[in-house]
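Remarks on the structure that follows.
Nothing in this text is a laboratory measurement; each read-out follows from the coordinates by a stated rule. This one's a predicted model, so the numbers in the text were calculated from it and none came from an experiment. Don't worry about glycine lacking a Cβ; one is built from the backbone with ideal geometry, like all the others, and counts go over all protein chains shown.
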Amino acid sequence: MDERTAYFEARARLWPNERNQETLENQKKFQEMTETKDPEVFAKLFREYLIKKFGDVPEIDILVEVEKKFKADEVVSDDEYLAYLNARFLLFPNQETLLELQEALAEQDKE
């Protein structure tokens, strides 16, 4: 058990309420998702996490499939990677992702 999970477990025991219990369960799932070597288990947990955060939107399927391929060391096509960056930017908009997306689009235009 990592420190973060131990902290949430202590909170749930010291102050037993629904919110602390839910936070602990979410942390345990997150820890399992990040530590698993199995791409299928990772994909299932990652999908659950994203749906809980964003609802069941199409971008989730794109993110999960490409992340699963990354986890399994499989090849990702240029089109898949571009769709992945676009989905990632729509769900997690930030400057770094925007720059990656712009670079990928510029590379695609060169071809």
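Can you match Cα Rg over 2.2 N^0.38 Å to one of these, [x] 2.58; [y] 1.00; [z] 1.30, based on a calculation from the structure here? Matching the structure shown: [z]. Protection proxy ranking for 75-83, 60-68, 103-111, using the average of other Cβ atoms within 10 Å per residue and placing the highest first: 60-68, 75-83, 103-111. Given a Förster distance of 25 Å, report the FRET efficiency between V57 and D79 from their Cβ-Cβ distance, rounded to the nearest 0.05. Computed FRET efficiency for V57 and D79 comes out at 0.80.
Projected label points at K37 and L98, each 7 Å from Cα along the beta carbon direction, are separated by 4.0 nanometres. Here's the list of aspartates and glutamates a cross-link from K28 could span, going by alpha-carbon distance under 12 Å and ignoring same-chain residues fewer than 8 apart: D2, E3, E9. For V64, the shell of other residues with beta-carbons less than 15 Å away shows a net charge of -1, using +1 for Lys and Arg and -1 for Asp and Glu. When shorter helices are ignored and each DSSP H run of at least 4 residues is given -39500 (n - 2.57), the per-residue value for the chain at 222 nm works out to -26500 deg cm²/dmol. Net charge of the neighbourhood of Q21, taken over other residues with C-beta under 14 Å away and scored Lys/Arg +1, Asp/Glu -1, is +1.
The spacing between the range 14-34 and the range 48-111, judged by their C-alpha centroids, is 27 Å.
Annotation: amide H-H contacts under 5 Å for F92 (H modelled 1.01 Å from N, sequence separation of 5 or more, or interchain): none. Note on the chain: with charges restricted to the Cβ of Lys and Arg (+1) and Asp and Glu (-1), its dipole about the Cα centre is near 780 debye.
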